[in-house]
Amino acid sequence: MPKDGIGRDATTDLLATEPDHGRSLRYGLNEDLRVIQALNTVGTEHLASTVDSLGELVDHYTQTIGDLPPADVYDELLTVRSYANSLLTHTARARPRTDLVVATGWLSHLLAVTARDMGEHATARVWCSDAERHSREARYPELEG
């Protein structure tokens, strides 16, 4: 098992529990699964590498969220956010976990924006609440509000 206790189990857990969303994750041909495979590959030895990659994805979606179809962005973000959540359940170390909580909060924030863009206001509120909860857990006030 890798040093940080993160390994292929997180991806296996995600694929076993992630709803289909009308698309097929099991065949490995869509972008969502490729993102998870990439995150799993770069982060198999160190949680910090995975957290850095999640941060880069947050930056990417922050810059492109308005240029892409909201439903597509939402599905991609939901897959990455679910992966981040599976990492949280397998992570106990203080500093990397805090950074992971912040990245997960930002993903929830982006999901809220995308849900709002799709007219799904109740869903957006759920994601806003989740982002705020992660903000409090990580003591990272920039996520609140």
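Within the group Val73, Val113, which residue is modelled with pLDDT of 95 or more and part of a helix (DSSP H, G or I)?
Result: Val113 is the single residue among Val73, Val113 that is modelled with pLDDT of 95 or more and part of a helix (DSSP H, G or I).
Quick one: which residue in Ser129, Ser86 is part of a helix (DSSP H, G or I) and touching a residue at least 24 places away in the same chain (Cβ under 8 Å)? Talk me through it step by step, then tell me what you get.
Numbers: Ser129 fails: touching a residue at least 24 places away in the same chain (Cβ under 8 Å).
Just a single option satisfies the conditions, and that option is Ser86.
For the range 69-87, give me the residue count where each residue is touching a Ser or Thr at 6+ places or on another chain (Cβ under 9 Å) and surrounded by fewer than 17 Cβ atoms within 10 Å (Cβ to Cβ).
Number satisfying all stated conditions: 1.
Could you grab the pairs with beta carbons closer than 6 Å, sequence gap of 6+ or different chains, first residue in the range 101-118 and hydrophobic (A, V, I, L, M, F, W, C), second one outside any helix (DSSP H, G or I)?
Taking only residues 6 or more apart or on different chains, the pairs are Val102/Tyr140.
Only one of (1) in a helix (DSSP H, G or I); (2) in contact (Cβ under 8 Å) with a residue 40 or more places away in the chain is not met by Ala92, so which one is it?
(1) is the only condition that Ala92 fails.
The values are calculated or read from the model by the stated rules, or taken from the named source; none is laboratory data. It should be emphasised that the depicted structure is a prediction, and the values quoted were computed from it without experimental measurement. All Cβ positions, glycine included, derive from the backbone under ideal geometry; neighbour counts span all protein chains shown.
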